[in-house]
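Read through the structure below, which is laid out as structure tokens, and then see the notes.
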Amino acid sequence: MKKNVFIFSFTAIFLLLLLITSCNDKPDIPSCETEQEVETPDDPDDPNDPDDPDDPNDPDGPDDPSDPDDPGDPNDPDDPDDPTEEPFLTVDETPITATAEAGTYFITVNSNSEWTAVVESSGRSDWCLLDNNTGNGDGVITVSITKNPFYTTRIAIVTISAGSLTKSVVVNQEAAEEPEPPFLTVDETPITATAGAGTYSIVVSSNSEWTAVVEDAENHTWCTLSNNTGNGDGVITVNVTQNAPFTARSATIKITSGNLTKSVVINQSSALENSEWKFYGFIDTAIIELKFLPENRLHIKSTPEQLDWRYIIQGDFITEYRMEGNKMYWPDENGSFDGPFQNQYSWVITHSHENQIIMEFGGIFHIAPPPLMRISTYIFFRQN
């Protein structure tokens with residue numbers, strides 16, 4: 001009997017252990033449902049439900065002000081319903097390169113806040129001015145730059161601020177172009193003018209203002225200038241009147257530009273210069289020939305070589321004389337034109353024509369005491 005009781009008890013314990021093991025491995029078996037914890041569905045009205053949206057103690061409740069993920073939290077920076085947006089400021093900070101001339105440039109501002117713009121410079125900044133230098137939200141700043149009169153670059157910085165946000169744009173203006181050093185070029189070769197009235201030209205090459213004058217103009221009224229001022233290249237017109245037949249003349253024209261000076265000499269010949277004249281029927285059928293040369297020189301040739309009146313025509317076959325005004329003088333016995341002899345004997349041209357000149361010879365002649373004053377008139381004809 002005891003043996004049967006023991007076997008029964010052992011069998012019951014074994015079956016109980018087997019049942020417990022089977023439920024742990026297969027909880028979906030209906031017979032095991034009483035051994036598993038049954039989950040209660042969310043009750044929206046259950047104050048003890050942790051997921052209850054109306055539960056003030058629920059951390060995920062939409063109206064929980066202490067919940068950082070609560071979409072209705074005004075302090076949540078990620079809350080799409082939060083009216084407070086983080087400020088931003090965007091500006092193209094590429095430097096502005098301005099020419100030396102006056103101009104207008106633009107800076108585009110993107111922002112969601114109020115902003116202001118100012119110009120900063122180590123020196124004067126009145127050459128860089130701003131229009132539309134304040135705004136709220138997106139906007140465009142107008143940068144107006146005046147002409148740079150200096151030969152150095154200018155730099156200014158445009159600073160845009162929105163709250164604690166700051167952007168800067170550098171403005172570089174080029175230096176003014178330095179002028180070319182002044183120059184003055186003139187052909188200073190002397191001008192040779194004929195005895196007649198005429199015009200002549202002087203070509204001026206320059207990059208500056210210049211003026212031209214006739215030196216000692218009061219004593220050279222026969223020479224005047226047209227177009228005597230200019231700026232840059234130009235042409236001066238030189239006007240000369242007809243020269244008297246007796247003496248060549250000259251004048252100096254001075255062209256000035258700043259501290260630069262050029263000079264041109266104009267030489268006008270006399271009507272008789274480089275001409276030859278001849279007188280026939282002089283004493284003993286002599287022939288007197290005159291040849292007028294530059295620089296107021298005169299050659300006289302007499303045929304025969306020696307005349308009986310040697311006090312009239314002296315010297316060898318060709319003798320050089322000098323002209324002064326309308327008079328011509330021969331040298332004294334020492335070859336000098338400064339002695340008293342030249343003032344005693346002279347030829348005076350009293351008339352000049354294209355093909356003939358009339359000359360009077362006069363002087364004091366010491367043939368025998370007392371001295372004799374003699375004046376004679378002669379007509380010479382052009383040979384060339």
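Taking the Kirkwood radius as the inverse of the mean 1/r across Cα pairs, report the Rg/Rh of segment 223-263.
1.07
Give the accessible area for Ser144 in Å² (nearest 10); use a 1.4 Å probe, count only protein heavy atoms, and leave out ligands, DNA and RNA.
Its heavy atoms expose roughly 40 Å² to the probe.
Taking a probe of 1.4 Å, how large is the accessible area per residue of segment 140-276, in Å²?
52 Å²
Treat segment 153-227 as a sphere of radius equal to its Kirkwood radius over Cα pairs and apply Stokes-Einstein at 25 °C in a medium of 0.890 mPa s; give the translational diffusion coefficient in µm²/s, rounded to a whole number.
After rounding, the answer is 131 µm²/s.
Kirkwood hydrodynamic radius (Cα pairs, Å) of segment 85-158?
Evaluated over segment 85-158, this radius sits at 13.3 Å.
For segment 137-276, rounded, prolate or oblate, judged on the Cα gyration tensor with a ≥ b ≥ c (square roots of eigenvalues), a/c < 1.5 rounded, else prolate if a/b > b/c?
prolate
Determine, at each q value in 0.10, 0.15 (inverse angstroms), the log₁₀ of I(q)/I(0) that the Debye formula gives when each Cα of segment 81-205 is one equal point scatterer.
-0.48, -0.75
Does segment 202-302 come out rounded, prolate or oblate by the C-alpha gyration tensor, with a ≥ b ≥ c the root eigenvalues, rounded set by a/c under 1.5 and, if not, prolate when a/b is larger than b/c and oblate if not?
prolate
The values are calculated or read from the model by the stated rules, or taken from the named source; none is laboratory data. Every value quoted in this text rests on a predicted model; they were computed, and no experiment measured them. Just so you know, the surface numbers come from the protein's heavy atoms only, side chains and all, with ligands and any DNA or RNA stripped out. Shrake-Rupley method; radii C 1.70, N 1.55, O 1.52, S 1.80 Å.
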